Amino acid sequence: MHSRGFPPVANAESRVLVLGTLPGPLSLQMRQYYAQPRNSFWPIMGELFGAYPELAYLARLAVLKKHRVALWDVCHAAYRPGALDAAIDAASIVPNDLGSFLRSHRRIRLICFNGQTAEKLYRRLVLPGLPESRRDIPGRILPSTSPAYAAMRFEQKLEHWEIVRRECGG
């Protein structure tokens, strides 16, 4: 299936950019970031900022923006049969224009990758094309919130993700 991602969630005050790879099938169908109910992204954002899964989707996005969290994906489009990042056809990836995003969101001071695949794709497809002034933004690989990543309990993932709240000043 050829998948196309969503626009970024951000405002001028955003300090941390959380980058995933590409929305999965259920997210695409529902037009929502992290719509898979077993994905721990929204439960983690609930614990950190109050953006619990029970809130309406637009209210969750508003909470993230209020707390200076930006959300996007490395891939604008790609061919991926199924939901696993490992199934993304590398040759089909069209990256998002993160260079323009970072130029227009100058307060971003940390990029947090939702899993290793997002970080690898960013380093390979995005970083070389960034303007020199934006290449030095630190990055942190966080444990994937995907239900496919079961090597860590929720509490352990939450502990790692706490850096997002610290860097946003919350």
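Might you check whether a residue that is over 27 Å from Leu26 (Cβ atoms) and not in a helix (DSSP H, G or I) occurs anywhere in segment 155-167? Within segment 155-167 (the criterion being over 27 Å from Leu26 (Cβ atoms) and not in a helix (DSSP H, G or I)), the answer is no, since none of the residues qualifies. Just one of the listed residues (Gly99, Gly129, Gly115) is at positive phi and not hydroxyl-bearing (Ser, Thr, Tyr), and it is Gly115. Condition check for Tyr33 on (1) in contact (Cβ under 8 Å) with a residue 24 or more places away in the chain; (2) closer than 21 Å to His160 by Cα; (3) open to solvent by 20 Å² or more (accessible area, probe 1.4 Å): one failure, at (3).
The residue pairs whose first member lies in segment 80-100 and is surrounded by fewer than 19 Cβ atoms within 10 Å (Cβ to Cβ), whose second member is aromatic (Phe, Trp, Tyr) and not in a loop (DSSP other than H, G, I, E, B), and whose beta carbons are closer than 8 Å, counting only pairs six or more residues apart or on different chains, are Asp89/Tyr79; Ser92/Tyr79. Among the small types (Gly, Ala, Ser) and open to solvent by 60 Å² or more (accessible area, probe 1.4 Å), is that true of Ala151? So Ala151 passes the test. Scanning segment 121-140 for residues being assigned to a loop (DSSP other than H, G, I, E, B) and open to solvent by 80 Å² or more (accessible area, probe 1.4 Å) gives a total of 2. When residues of segment 101-121 are filtered for being closer than 22 Å to Phe41 by Cα and free of Cβ contacts under 8 Å to residues at least 12 places away in the same chain, how many remain? Qualifying residue count for the region: 1. Within segment 141-152, residues that are assigned to a loop (DSSP other than H, G, I, E, B) have Cβ atoms under 6 Å from residues that are open to solvent by 30 Å² or more (accessible area, probe 1.4 Å) and charged (D, E, K, R) in these pairs: Pro147/Arg38, counting only partners at least 6 apart in sequence or on another chain.
I'm trying to understand the selection: among the residues of segment 28-72, which are in a helix (DSSP H, G or I), of a type in the set (Gly, Ala, Ser) and either over 27 Å from Arg103 (Cβ atoms) or in contact with a Pro (Cβ under 9 Å, 6 or more places away or on another chain) (or both)? Across segment 28-72, the qualifying residues are Gly46, Ala59. Could we say that Leu22 is crowded, with 18+ Cβ neighbours inside 10 Å and touching a Gly at 6+ places or on another chain (Cβ under 6 Å) here? When the stated conditions are applied, Leu22 passes them. The criterion of being at pLDDT below 95 and either in contact with a helix residue (DSSP H, G or I) (Cβ under 9 Å, 6 or more places away or on another chain) or farther than 18 Å from Ala77 by Cα (or both) does not hold for Thr145. Restricting attention to segment 42-79, the residues that are open to solvent by less than 50 Å² (accessible area, probe 1.4 Å) and free of Cβ contacts under 8 Å to residues at least 12 places away in the same chain add up to 2.
The values are calculated or read from the model by the stated rules, or taken from the named source; none is laboratory data. Fair warning: this is a prediction, and the values are worked out from it, not measured in the lab. All Cβ positions, even for glycine, are placed from backbone atoms using ideal geometry, and neighbour counts span all protein chains on display. Ligands, DNA and RNA are excluded from the accessible area calculation, which covers all protein heavy atoms including side chains. Shrake-Rupley method; radii C 1.70, N 1.55, O 1.52, S 1.80 Å.
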